[in-house]
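No value in this document is a laboratory result; all are computed from the given coordinates. A quick note: this is a predicted structure, and the numbers were derived from the prediction, not measured. Backbone-built Cβ (ideal geometry, glycine too); neighbour counts: all protein chains shown.
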Amino acid sequence: MAFYIPRGLGSRFTTLLRSYAQGDGLPFASALTEEQIQQAAVDEGINFGAGDDCVFTPQMTTWAFVGQYLSGTSTCVAAVARVMVLLVALGREPCSAATGAYCKARAKLPEKFLRRLTYQVGNGLEDEAPDDWRWHKRRTLLVDGFETVLDDTAANVEAATAHGWTGIHFTRDGEWRDEVDAALPGSRTTTSAGTPGLDLRAGIACQLRDLDVTSIDIDPRCTVADPTLFSHRRGAPTGRLASLVWME
């Protein structure tokens, strides 16, 4: 991927967008625009690095942050090195190779800002997906730990959810819980500790019932509470396991 862009763009979010593939026919240009990024920054109150000699503006910091995690060398040292090269390409003096200023600026980017941009890209790309990319021309969601057996009609469909992290232990902040419940109604719950929680399997079952699926088997076992079940969240020293099922 390209990280270097024409001169004169270092103080605008165009720098971020023109650093990635935007050829004719590719969806990224319309999936996330400079205006959307700028509006998200305004809405989240992002305002730092406004001085004439400041290198790590919100625009430059966002560009460096995205590049850091999409590149093969995702260290802060490499991120700052890319910024130095960019500054030279823009006809400016290179900044210090020290990472302190970048790390402090990166910490000022709110999580809600980055989450919002992620959602906008994902939703924008999905909206532009042609029908022949979809399963029977329908939008299909795949959820970790979910299995389904499908046939021609809803009456003949049997769905089963595997064991997983149950809602009484799956704690999330209230805002996140509300966002998920808005997308997956029925998943909102309260944990055994009285904190906001999510029950994804309940939300999936609710969605299936809305599709007239009546045969739904929910495994009640909890991978957090049951030590006989594997759980990377319970301290197991391994990563996640993902499965993909398709029909031909």
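Converting phi to 3J(HN,Hα) with the Karplus coefficients 6.51, -1.76 and 1.60 and the offset θ = phi - 60°, region 112-129 yields 4, 5, 5, 5, 4, 5, 4, 4, 5, 5, x, 5, x, 5, 5, 4, 8, 5 Hz in sequence order, with x at every glycine or proline. Amide H to amide H distances under 5 Å link Gly197 with Arg172, Thr189, Thr190, Thr191, where only residues 5 or more positions off or on other chains count and H is placed in the peptide plane.
What is the packing order of peptides 185-198, 57-70, 93-106, taking the mean over residues of other C-beta atoms within 10 Å and listing the highest first? Before the final figure, lay out each step's value.
On the way: 185-198: 16.2, 57-70: 20.0, 93-106: 14.5.
Highest mean packing first, the order is 57-70, 185-198, 93-106.
Summarising the amide proton neighbourhood of Ser231: residues at separation of 5 or more, or on other chains, whose placed amide H is nearer than 5 Å comprise Ala236. Here's how it looks for Thr223: its modeled amide H is under 5 Å from those of Gly164, Trp165, Thr166, which are all 5 or more places away or on a different chain. The label-point distance for Ala50 and Ala89, in a model that sets each label 7 Å from Cα toward Cβ, rounds to 2.9 nm.
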